[in-house]
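Trainee: The structure that follows is given in the form of structure tokens.
The values are calculated or read from the model by the stated rules, or taken from the named source; none is laboratory data. Bear in mind the structure is a predicted one, so any value in this text is a computation, not a measurement. Neighbour counts run over all protein chains shown; Cβ positions are idealised from the backbone, glycine included. Only protein heavy atoms, including side chains, enter the accessible area calculation; ligands, DNA and RNA are left aside. Shrake-Rupley method; radii C 1.70, N 1.55, O 1.52, S 1.80 Å.
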Amino acid sequence: MNAAVLKLLLAGEYICSIRYRDEYAILEDDEEQEAVTNWLSPLNMRLARLGDSGAFFMAPSYIGQKDITQVKNELLKFRDEYGPAVLLLDFIRQTDVGRFTMSPGEHIALYELERAVSHSTMLETQLKGLLSVISNAAQRNTNHENLRRLLEQLVKDGYAVLVNKDSGTYQITGKIEQLYAVLQFLDENKVIPDAEVDDREAEDAPDLVDLAQSDDGAPS
């Protein structure tokens, strides 16, 4: 049983073939999966997976009413926990760079994003509107710098990895499928009260659900 795999799972990481390639390959082995599951069992946890070929992660062995209540309470903080990632990823999708569909394994080049923004006043305005949710972004920065920090935030949050520093190329990780699962759960279970939805800014509320269910954005 691999110690690095266990540390990642206990840290709440999503182990996919892009961000944690070696650890993902280890978990592809059935015997390793069984060993990890047995090790997690005394902790009342289990090895779970996003779909049949998605990222591995740690989940409760049994989900009781207490766990459901806790999940719902956490999801009420959606705008703080997941909202920024949805907004940033949707902005990238709107640039139509490389026909970006928000799927694991897709590449994003910083220079292509910068070129798309420089040719669109609408995109430049949208980027400025996102500065409040991009760490260390500022009006005084160039578009290049703010876009770089946008991508770095996605890396920090686990939704992307830097695969080529020289060309500024990033790759979407398997964790994005967890974001889709959260969006779908929110929509199907109406976790967020209608009153909260009504209080949101008009441009935010509809987009969060649309992203999870759109034909070109949903994971396969």
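Trainee: Could you tell me how many of the residues in segment 1-16 are more than 16 Å from TYR159 (Cβ to Cβ), touching a residue at least 24 places away in the same chain (Cβ under 8 Å) and not aliphatic (A, V, I, L, M)?
Mentor: Looking only at that region, the number is 1.
Trainee: If you take the residues in segment 53-68 that are closer than 27 Å to TYR159 by Cβ and of a type in the set (Phe, Trp, Tyr), which one is least open to solvent (accessible area, probe 1.4 Å)?
Mentor: Among them, the one singled out is PHE56.
Trainee: Restricting the search to segment 89-130, which residues are open to solvent by less than 20 Å² (accessible area, probe 1.4 Å) and closer than 18 Å to ILE18 by Cβ?
Mentor: LEU89, ILE92, PHE100, MET102, ILE108, ALA109, LEU110
Trainee: If only one of GLU152, GLU145 is touching a strand residue (DSSP E or B) at 6+ places or on another chain (Cβ under 9 Å), surrounded by fewer than 19 Cβ atoms within 10 Å (Cβ to Cβ) and not aliphatic (A, V, I, L, M), which one is it?
Mentor: Of the residues listed, the single one that is touching a strand residue (DSSP E or B) at 6+ places or on another chain (Cβ under 9 Å), surrounded by fewer than 19 Cβ atoms within 10 Å (Cβ to Cβ) and not aliphatic (A, V, I, L, M) is GLU152.
Trainee: May I ask you to say which residue of ALA35, ALA55, ALA4 is under 20 Å from ILE176 (Cβ atoms) and at pLDDT 90 or above?
Mentor: Matching residue, one of ALA35, ALA55, ALA4: ALA55.
Trainee: Hey, could you check segment 17-52 for residues that are outside any helix (DSSP H, G or I) and out of contact with any strand residue (DSSP E or B) (no Cβ under 8 Å at 6 or more places or on another chain) and say which is most open to solvent (accessible area, probe 1.4 Å)?
Mentor: The qualifying residue most open to solvent (accessible area, probe 1.4 Å) is ASP52.
Trainee: One residue is enough: does segment 156-175 have a residue meeting the conditions in a helix (DSSP H, G or I) and within 8 Å of the chain's Cα centre (by Cα)?
Mentor: Scanning segment 156-175, I find no residue that is in a helix (DSSP H, G or I) and within 8 Å of the chain's Cα centre (by Cα), so the answer is no.
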